[in-house]
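Visitor: Please read through the structure below; I'll follow up with questions.
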Amino acid sequence: MNIHLSESVYYARHFRLPGFNEQTQQKLRSAKVLIAGVGGLGCPVALYLAGAGIGTITLCDGDEVSPTNLHRQVLFDTSCIGRKKATIAAERLQAINPYIHIEAICQYVNTQLLLELVPRFDVIIDCTDNFDAKYAINDAADVAGVPLVYGSIFQFEGRVSVFHYPTANYAQGLSYRDIHPEAPPSALAQNCGDAGVIGVLPGIIGTLQANEAIKVITGLGETLSGFLLIFDALSATTRKLTLVKRNHAKVIQEQTDDIIYSELLERMASAVPPTLIDVREFHERKASSIGGQHIPLATLHQHVMSLPRDRDIVIYCKSGMRSAKAALYLRSRMDGIRVLHLTGGIDACIGGGVTCKL
């Protein structure tokens, strides 16, 4: 039996909300939204925006459904394995809401595609899981002046913000690059497939992203533009950080922020010594050490959540190369924490053959 619903019935619960009327619903109906990535974040974003009545939703993702997706990507089931995510999602969203238009683009986002696509939309929603895509999406939205709803997940932590949308202090809004000016080294950049993610987390963060998009489109409430919301799934707590515009010339200098051994000695003897981390391998640590926590570079991503956030961090290795990469990575994961690396590594301070703990 087919049940035919009118739009007024479909959106009936919206119309009971204070300050929400047919004009508000029309704003949603007239809106065009691009969802980049139809995975853990993209599925809940797409579900709730389709239900809300966004008039045109474009899904962009070149990936296919795999068994490892199913614990968190709620638009798919076992019958979808091997099929294109964007195509399946479009079919299911259209069945959920027949009054809107759904478009599927079975491609991964890239700079050229984004520069062509982004100006067509009112809002861009970043649901990707890698740094290259996030920077490309941010920069394309910046060039076009289109609001960007950002989301990211890492193991048990999720983040949400709105970029390129006016705040009281910044008429053009802020940028992803105001949080992370540059991507971490590719060897340290991990997506949820590498680092793991608890299945409920992208559902929570994706729903928050959908909420921000609705606020941007309708003008209801206050958006997260100018703020970064951080959600910790293990403690069920949130932090709302105020963002400021970066001095990008200063940031470039900070990217190579380092410390010499004599200065490190002074800092370690101070009332609030920095957290010292050795990112070398086990055999190197056994041969020589200046102390601190031992976290080999390849495992650093597993320890981010447990590192202290109440003091600076100093990283060292043998020559300074690995510690510089580690410092870039931690800066991308730990907002507001100063991360330095030891110039010249352990070779420069003890010759590489003497144990001298700080």
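Visitor: Do the conditions hold for Asp61, that is, is it acidic (Asp, Glu), in contact with a strand residue (DSSP E or B) (Cβ under 6 Å, 6 or more places away or on another chain) and either buried (at least 19 other Cβ atoms within 10 Å of the Cβ) or more than 17 Å from Gly39 (Cβ to Cβ) (or both)?
Guide: no
Visitor: Being more than 21 Å from Ile204 (Cβ to Cβ), in contact (Cβ under 8 Å) with a residue 12 or more places away in the chain and of a type outside the set (Lys, Arg) narrows it down to one residue among Gly151, Gly62; which is it?
Guide: The unique qualifying residue is Gly62.
Visitor: Using beta carbons and a limit of 8 Å, which pairs, at least six apart or on different chains, have the first residue in the stretch 238-252 and at pLDDT below 50 and the second one surrounded by 11 or more Cβ atoms within 10 Å (Cβ to Cβ)?
Guide: Val251/Pro181; Ile252/Pro181
Visitor: Looking at Ile290, Ile295, Ile277 in this structure, which one is aliphatic (A, V, I, L, M) and without any contact (Cβ under 8 Å) to a residue 24 or more places away in the chain?
Guide: None of the others qualify; the one that does is Ile295.
Visitor: Test of understanding: among Ser306, Ser289, which residue is surrounded by fewer than 20 Cβ atoms within 10 Å (Cβ to Cβ), of a type in the set (Gly, Ala, Ser) and more than 19 Å from Phe154 (Cα to Cα)?
Guide: Ser289
Visitor: Restricting attention to the stretch 214-249, report how many residues are assigned to a strand (DSSP E or B), out of contact with any Lys or Arg (no Cβ under 7 Å at 6 or more places or on another chain) and of a type outside the set (Asp, Glu).
Guide: 8
Visitor: If we keep just the residues of the stretch 124-139 that are part of a helix (DSSP H, G or I) and either of a type outside the set (S, T, N, Q) or outside the structural domain of Lys27 (by TED's automatic domain parsing) (or both), which is surrounded by the fewest Cβ atoms within 10 Å (Cβ to Cβ)?
Guide: Applying the filter and picking the extreme gives Asp132.
Visitor: Okay, moving on. Output the number of residues of the stretch 322-358 satisfying the condition of being closer than 15 Å to Leu265 by Cβ, among the hydrophobic types (A, V, I, L, M, F, W, C) and either at pLDDT 85 or above or under 18 Å from the mean Cα position of the chain (by Cα) (or both).
Guide: Going through the stretch 322-358 one residue at a time, the tally reaches 3.
Visitor: For the stretch 40-58, state whether one or more residues are among the β-branched types (Val, Ile, Thr), over 22 Å from Ala141 (Cα atoms) and buried (at least 17 other Cβ atoms within 10 Å of the Cβ).
Guide: Taking every residue of the stretch 40-58 in turn, none turns out to be among the β-branched types (Val, Ile, Thr), over 22 Å from Ala141 (Cα atoms) and buried (at least 17 other Cβ atoms within 10 Å of the Cβ).
Visitor: Just give me the residues in the stretch 12-37 being within 30 Å of Cys80 (Cα to Cα), touching a Phe, Trp or Tyr at 6+ places or on another chain (Cβ under 9 Å) and not small (Gly, Ala, Ser), in sequence order.
Guide: Hits for the stretch 12-37 are Leu28, Arg29, Lys32, Val33, Leu34.
Visitor: Pairs, please: C-beta under 6 Å, at least 6 apart or cross-chain, first residue farther than 13 Å from Leu307 by Cβ and without any contact (Cβ under 8 Å) to a residue 24 or more places away in the chain and in the stretch 325-345, second outside any helix (DSSP H, G or I) and of a type in the set (Asp, Glu)?
Guide: Listed pairs, sorted by first residue: none to list.
Visitor: What do you reckon, is Phe121 at pLDDT below 95, surrounded by fewer than 23 Cβ atoms within 10 Å (Cβ to Cβ) and within 23 Å of Leu47 (Cβ to Cβ)?
Guide: Here the answer is no, as Phe121 does not meet what is asked.
Visitor: Looking at Phe15, Phe20 in this structure, which one is in contact (Cβ under 8 Å) with a residue 40 or more places away in the chain and surrounded by fewer than 20 Cβ atoms within 10 Å (Cβ to Cβ)?
Guide: Phe20
Visitor: Out of Tyr150, Tyr170, which single residue is more than 17 Å from the chain's Cα centre (by Cα), outside any helix (DSSP H, G or I), aromatic (Phe, Trp, Tyr) and not assigned by TED's automatic domain parsing to the domain that holds Lys325?
Guide: Exactly one of Tyr150, Tyr170 is more than 17 Å from the chain's Cα centre (by Cα), outside any helix (DSSP H, G or I), aromatic (Phe, Trp, Tyr) and not assigned by TED's automatic domain parsing to the domain that holds Lys325, namely Tyr170.
The values are calculated or read from the model by the stated rules, or taken from the named source; none is laboratory data. Predicted model only: the values in this text are computed from it and were never measured. Cβ: placed from backbone, ideal geometry, glycine included. Neighbour counts: every protein chain shown.
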